[in-house]
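Worksheet: one structure, shown below.
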Amino acid sequence: MTIFPAVLLLAATQVGPADANALPPLPAPAPAEAEVPKPGPRASGFTAPLADEARFDACMDTATDDPKTGIVAANEWLIAGGGYFARHCLGFAYSKEGRWAAAADAFVDAARDAELARDKRAANLWTQAGNAMLATGDADKALTYFDAALAQGVAQGLLLGELHLDRARALVVAGQTDAAEIALAEAHKLAPEDPLAWLLSATLARRLGKLERAQADIDIAARLAPRDPEVALEAGNIAASAGKYDVARRNWTQAIEIRPEGPIARTARGHLSDLDRAEAETAETTAKP
């Protein structure tokens, strides 16, 4: 999952096409996954670029501090023969600007060149291409890129678990919930200490009406990340779905206390307002003779 923590966090809670914390119907299953992309055509006599770690680090630092300047630096390096190292930096710079489609294109080009060079970094580049494409909303194409990363056969242990988590996020967005559950099971087995994996599986289970499973998974997420407001928010959602409104209120309040500003706090405040309104209406109805 490398360079996209913000994307990961958003997609991990947004398991449907709209509000992550509402309960809309699950989307219909998507068509079968597309074939894993093959390296695109390149001019004959392809030569792998020399690894220039110092220039790569400098390019990435520039892209972090000033993405626009980073794009210029990466393109200049690409023209000078930087190859997939320069393309990697270019994709990173585009991602820092939120230009996800351009970032995905750069990562795909970098991954294909890395494959031609038989560089194991191709797997990481395909993964970053998948995350960038998922940020555009194109889950099906993101899946082809994640599958290309898996096809490299180099990811192991925790990295392999995170790759399965990435696939699960894309599968959820694509509406392939059965496949997503399988991918999440692999993620839990290989990366059992990753709270995001447990958060996503809890959210998905809640959306599928599997409330016992949702509660078990969110309990693990809360143990691993006790001060994560998104975990507290989802714990409240699960409690509310089970009719445990006092527990839901405590969890939503905790989400606000952990991080008073931002979208999570706004969502939690909205849920609390809805709960207050429902309780007031119930009390009014009960009080009538």
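The values are calculated or read from the model by the stated rules, or taken from the named source; none is laboratory data. Everything numeric here is computed off the predicted structure, so don't read it as measured data. Here the Cβ positions follow ideal geometry from the backbone for every residue, glycine too, while neighbour counts run over all protein chains shown.
Just one of the listed residues (117, 148, 139) is in contact (Cβ under 8 Å) with a residue 40 or more places away in the chain, more than 15 Å from residue 102 (Cβ to Cβ) and surrounded by fewer than 18 Cβ atoms within 10 Å (Cβ to Cβ), and it is 117.
When residues in segment 183-203 are screened for being crowded, with 24+ Cβ neighbours inside 10 Å and over 14 Å from the mean Cα position of the chain (by Cα), 1 of them pass.
Here the helices (runs of 4 or more DSSP H) wholly within segment 210-289 that include at least 2 residues being touching a residue at least 60 places away in the same chain (Cβ under 8 Å) and either over 21 Å from residue 198 (Cβ atoms) or among the acidic types (Asp, Glu) (or both) are 229-241.
Residue-by-condition table, conditions (1) in contact with a strand residue (DSSP E or B) (Cβ under 9 Å, 6 or more places away or on another chain); (2) among the small types (Gly, Ala, Ser); (3) within 20 Å of residue 62 (Cβ to Cβ):
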| site | (1), (2), (3) |
| --- | --- |
| 87 | no, no, yes |
| 90 | no, no, yes |
| 93 | no, yes, yes |
| 97 | no, no, yes |
| 101 | no, yes, no |
| 107 | no, no, yes |
| 113 | no, no, no |
| 123 | no, yes, no |
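Take residue 97 and decide whether it is at pLDDT 95 or above, more than 18 Å from residue 187 (Cβ to Cβ) and assigned by TED's automatic domain parsing to the domain that holds residue 184. Outline the logic, then answer.
Numbers: at pLDDT 95 or above: yes; more than 18 Å from residue 187 (Cβ to Cβ): yes; assigned by TED's automatic domain parsing to the domain that holds residue 184: yes.
Criteria met by residue 97.
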